[in-house]
Amino acid sequence: MNKLHVILPKLSSEELKQGNSLAKEVFARVEELKVLTNGYALRFPETQDLFEKLSYIIMINRACCPFLKQVLMAEPNKGAIWFELSGENGVKEFLANDLSAFLSKEFLSALAI
């Protein structure tokens, strides 16, 4: 196992449950997945509620997974929202495993798990 196998969430079980429920809802709306060298970039449709929910997911991830680099970007002129998740060695595999629980089947092959 790599050094990421011991992750002790700093969230309560209720917060983890809410986070998983929110992740299922949000990641069901992914329109595109790009494989990065050290992670993944996910494209979402432009909606205010998605931007807010992704911001909340970032807050949850910062509490339980401080090793993640997270970038939330809104394209100009009400374009798509991009959410990038990446990190150092081992993070891409961690992300692939985690995202596989939430993404639709069409994106699973891109995760290469």
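Where a number appears in this text, it was derived from the coordinates with a stated rule and is not lab data. Computed from a predicted model, the values in this text were never measured in an experiment. Ideal geometry is used to build each Cβ from the backbone, glycine not excepted, and the neighbour counts take in all protein chains shown.
Given the Cα-Cα distance of Thr47 and Leu22 and 0.36 nm per residue of separation, how much length would full extension add, in nm? Each step should come with its number before you reach the end.
Values: separation 25, 0.36 × 25 = 9.00 nm, distance 1.55 nm.
The Thr47-Leu22 span can extend by a further 7.5 nm.
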Taking Cα pairs under 8 Å and at least six residues apart, what relative contact order does the stretch 30-111 come out at, in percent?
-> 34
Candidates Leu68, Leu103, Leu36, ranked by Gaussian network fluctuation over the chain, Cα under 10 Å, top entry | Leu36
Please give the contour-minus-distance gain from Lys69 to Val35: 0.36 nm per residue of separation, less the Cα-Cα distance, rounded to one decimal in nm.
-> 10.8 nm
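Among the trypsin sites (Lys or Arg not before Pro) within the stretch 64-113, which fall in a DSSP loop and have no more than 12 other Cβ atoms within 10 Å of their own Cβ? Provide the component values of the computation, followed by the final result.
Values: sites: Lys69, Lys78, Lys92, Lys105; in loops: Lys78.
Taking the stretch 64-113 and a limit of 12 other Cβ atoms within 10 Å, the loop trypsin sites (Lys or Arg not before Pro) found are Lys78.
Quick check: residue separation of Asn77 and Ser109 times 0.36 nm, minus the Cα distance between them. What number comes out in nm? Can you show the working numbers first?
Numbers: separation 32, 0.36 × 32 = 11.52 nm, distance 3.14 nm.
Value of the extension gain: 8.4 nm.
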Treating only Lys and Arg (+1) and Asp and Glu (-1) as charged, each at its beta carbon, one finds that the chain has a dipole about its Cα centre, in Debye to the nearest 20, of 220
Kindly write out, for the stretch 22-38 in residue order, the coupling ³J(HN,Hα) from the Karplus curve 6.51 cos²θ - 1.76 cosθ + 1.60 (θ = phi - 60°), rounded to whole Hz, with x marking Gly and Pro.
-> 5, 4, 4, 5, 6, 6, 5, 9, 4, 9, 7, 10, 10, 8, 9, 4, 10
With the charge dipole of the stretch 30-111 built from beta-carbon charges (+1 for Lys and Arg, -1 for Asp and Glu) about the Cα centre, the Cα from Val71, Asn89, Leu103 projecting farthest to the positive end belongs to Asn89
